[in-house]
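The values are calculated or read from the model by the stated rules, or taken from the named source; none is laboratory data. Treat the numbers as computed from the prediction; the structure is a model and nothing was measured. Positions of Cβ are generated from backbone atoms using ideal geometry, with glycine treated the same way; all protein chains shown enter the neighbour counts. All accessible areas refer to the heavy atoms of the entire protein, side chains included, with ligands and DNA or RNA removed. Shrake-Rupley method; radii C 1.70, N 1.55, O 1.52, S 1.80 Å.
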Amino acid sequence: MEMWISQLFNGLSVSSILLLIALGLAITFGLMGVINMAHGEFIMIGSYTAYLTQNLFKDLLPKGAFDSYFIAAIIASFLVAFVIGYVLEVILIRHLYGRPLDSLLATWGVGLVLQQIARSIFGAPNVAVSSPSWLNGGLELIDGVVFPYKRLFILALVAICLVAMYMYIYRSASGRRMRAVMQNREMAACLGISTRRVDGMTFAIGSGIAGIAGCALTLIGPIGPNIGTYYIVDAFMVVVLGGVGKLVGTVVGALGIGFFNTMFEWWSNASLGKVFVFILIVAFLQWKPKGLFAVRTRQLD
Amino acid sequence: MKRKGNWFKGMGLAVSVSLALVGCGSNNENNSASSSAPASSAPASSSAASEGGTVKVGILHSLSGTMSISEVTVKNSELMAIDEINAAGGVLGKQIEPVIEDGASDWPTFAEKARKLISEDKAATVFGGWTSASRKAMLPVFEELNGLLWYPVQYEGLESSPNIFYTGATTNQQIVPSVDYLLEQGKKKFFLLGSDYVFPRTANKIIKAQLAAKGGETVAEEYTPLGHTDYTTIIAKIKEAKPDVVYNTLNGDSNVAFFKQLKDAGIAAADLTTLSVSIAEEEVKGIGADFLAGHLVAWNYYQTTDTPENKTFVESFKAKYGADSVTSDPMEAGYTAVYLWKAAVEKAGSFDVDAVKAAAGGIEFNAPEGKVTIDGENQHIYKTVRIGEIQSDGMIKELWNSGSPVKPDPYLKGYDWAGDLSSGS
């Protein structure tokens, strides 16, 4: 019984992490159609921003203030990744819309460049981020079942990001412009929307959310120049399975992969579990090539 | 018109990026193509390396990619040894000129660069490698061209190439004694956790045979892919299996995720012993000492090892690479390798590979870890085994050592329970 409860929680927790790393990609790839191979590197940027914020707090502020660094780090990660994403959109991505293969190659190259920059600045070895003390420990519901606070925090963070994204995309004026441009660029331009600015903002927001993901991942994973490569495949898997262009698809995709992965891993082992999940995804995409939730469209692809 | 301009700009960019990528790929091919021709004549001309006032040696580690985390530090300590030797007058009156190549965490690249170092650069010897996969990729190249490789990392044993000197521990200098140590401490139920590749799988095969022979028990054996970052399910399995000890052969970044998540799950070192064989001072720094304090490791050298040689080694390393830098076992093994090669060359009076190999047996060196001796038969070195406990300041405190250097036994011939292992692979 305890095992079932903790495995269910683990499944939910893995799903939340998958969702967090995929949310940014759901915008840059899902909405904009840019096959953004540098997505993982925006996660890395977020992680290193958290590391720098931690060091700043450690060096400059009194000891008591250290515990609040993580909140500042989340905001800083978003802003740094946002700015870098905007710059990247202006100097590179802008010229590659509608050419998926070129954008794939170019963003992959950008990813390699960013990795090497991180390696030159911070060195090849991992760096350590110590988590704030209020996130240590966990909630013990019944004997033997511990819900770590960090996992609960990530769950809450994902929920907040998701609600904020939903409000922005579906309930705000700029979100409406964003959807208009993504759905019909020419028509939106005719109606006086500056498509260039919307493109830049959209890509920057997607990158910023990847930055938040990177910041949150410092709580549970490594922080090094290569961490982007560990998450990029999972992120694409979630977005593709969920259906490109639909937020709700990304959520359901993450939940599905998270739960199945945890179950399979429990019954077999980590390597085999991943294989089973891949087989399931491949089989599913054979049946429904557009993913769980396809955008209904009259366009001919 | 505007559209076209954009198209050209974008296209140019894409082409340049893809060219750069293709460039990386084809570079290797060119190397192999151009070097395969002079390969046959390479052994004859290997003495060309020593012409003039310098002698070239190769340094071949991953300076980019996932393994760079570990390998860059070994490169640094090898370069430090070379600088020290050069400052003291070089080898046979010649200054050592290091040729640094990047294996890029890609095993075929290791093989290509090794070929380039031997055939084109005419390197007298090569110091390099970390993962067993990279060593296995380089091995045929060194044997074919009769080159010389010094491999500085602990590994899974069951190998002894005439063209490789192994200055890291083989299994009977790290894993076997550490399992004995745990059994003596009354830990009988072992949970084996490792990354899914050759070293952990071979190591666990040995551990299982040893446990079966000595009254221990393997309660579970789990592998995760390299770079795996979610250990919640593994930790749930550990909780259910209730082992006395987790024997950890995870490698690289996975260790960070495992130990962070272990602590989050409410399991501290006091509740569950873990013993790791791939976590040294450098890795402790990257994981965060607060996650690791109290956990055990097995190596042959720690930064705290108390020898006069180590004091100088740590001091010069900090002077060269910054006060924050730490020294670890593979770095020490890489450093020692350079000095052992120098001693072998001087004994042979020549840089010729065969002469150096013939002279190497029995050479002693007072390394930072204590006295080491080259075993002429299997080209491994005698090393002292040390079990340590990670402290909250990131240093490792020695709990136990073997007292004297242990004779290397890569095929575990001296252990009757290991009879089937060497024949199996």
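Remark: the A:Ser172-A:Asp67 segment gains 34.4 nm on full extension, using 0.36 nm per residue and subtracting the alpha carbon distance. If you run the Gaussian network model on chain B, springs between alpha carbon atoms under 10 Å, then out of B:Ala87, B:Ala343, B:Ala359 the most flexible one is B:Ala87. A Förster distance of 35 Å, applied to the separation of the beta-carbon atoms of B:Lys242 and B:Asn86, puts the FRET efficiency at 0.05. Give me the distance between the Cα centres of the stretch B:287-358 and the stretch A:31-78, rounded to whole Å. If we compute the Cα centre of each part, the gap is 35 Å. Between B:Ser160 and B:Glu120, the modelled labels are 3.6 nm apart [label points 7 Å from Cα along Cα→Cβ]. Chain A: longest stretch without exposed trypsin sites (Lys or Arg not before Pro) (DSSP loop, at most 13 other Cβ within 10 Å), sites themselves excluded? Longest site-free region, per DSSP loop and neighbour criteria: A:1-295. The aspartates and glutamates whose alpha-carbon is closer than 12 Å to the alpha-carbon of B:Lys56, local same-chain residues fewer than 8 away aside, are B:Glu97, B:Glu120, B:Asp121.
Quick one: if you stick a label point 7 Å off each Cα along the C-beta vector at B:Ser392 and A:Glu140, how many nm between them? Here the modelled spin labels are 2.1 nm apart. Of all lysines in the structure, the ones whose alpha carbon falls short of 18 Å from that of B:Lys188, not counting any fewer than 8 places away in one chain, are B:Lys205, B:Lys208, B:Lys214, B:Lys237, B:Lys239, B:Lys242.
With the simple model of a label 7 Å out from the Cα in the direction of the Cβ, B:Asn401 to A:Arg185 spans 6.7 nm.
Our note on the geometry: Cα centres of the stretch A:138-172 and the stretch B:154-174, 48 Å apart.
Helices of chain A meeting both criteria, an alpha-carbon length of 18 angstrom or more along the long axis and an average Kyte-Doolittle score not below 0.5, with helices taken as full DSSP H segments, are A:2-25, A:69-91, A:100-122, A:149-171, A:195-217, A:227-242, A:247-267, A:270-287.
For the stretch B:112-144, the set of GluC sites (Glu not before Pro) satisfying both a DSSP loop assignment and a count of at most 10 other C-beta atoms within 10 Å is empty.
Take each residue in A:11-19, count the other chain C-beta atoms within 10 Å of its C-beta, and the mean is 1. Fully extending the segment from A:Leu280 to A:Val90, taken as 0.36 nm per residue of separation minus the present Cα-Cα distance, adds 64.6 nm. Considering only alpha-carbon pairs that sit under 8 angstrom and 6 or more positions apart, the relative contact order computed for the stretch B:309-425 is 16 percent. Taking the DSSP beta bridges with both ends in the protein assembly as shown, the antiparallel portion is around 35 percent. Once the chain from A:Asp59 to A:Leu152 is taken as fully extended at 0.36 nm per residue, the excess over their C-alpha distance is 30.6 nm.
Normalised by the number of residues in the stretch A:13-230, the average gap of Cα pairs under 8 Å and 6 or more apart makes the relative contact order 45 percent.
When A:Ser68, B:Ser325, A:Ser174 are compared by accessible area at a 1.4 angstrom probe, the order from most to least is A:Ser68, A:Ser174, B:Ser325. Ignoring lysines fewer than eight residues from A:Lys58 along the same chain, the ones with Cα atoms less than 19 angstrom from its Cα are B:Lys285.
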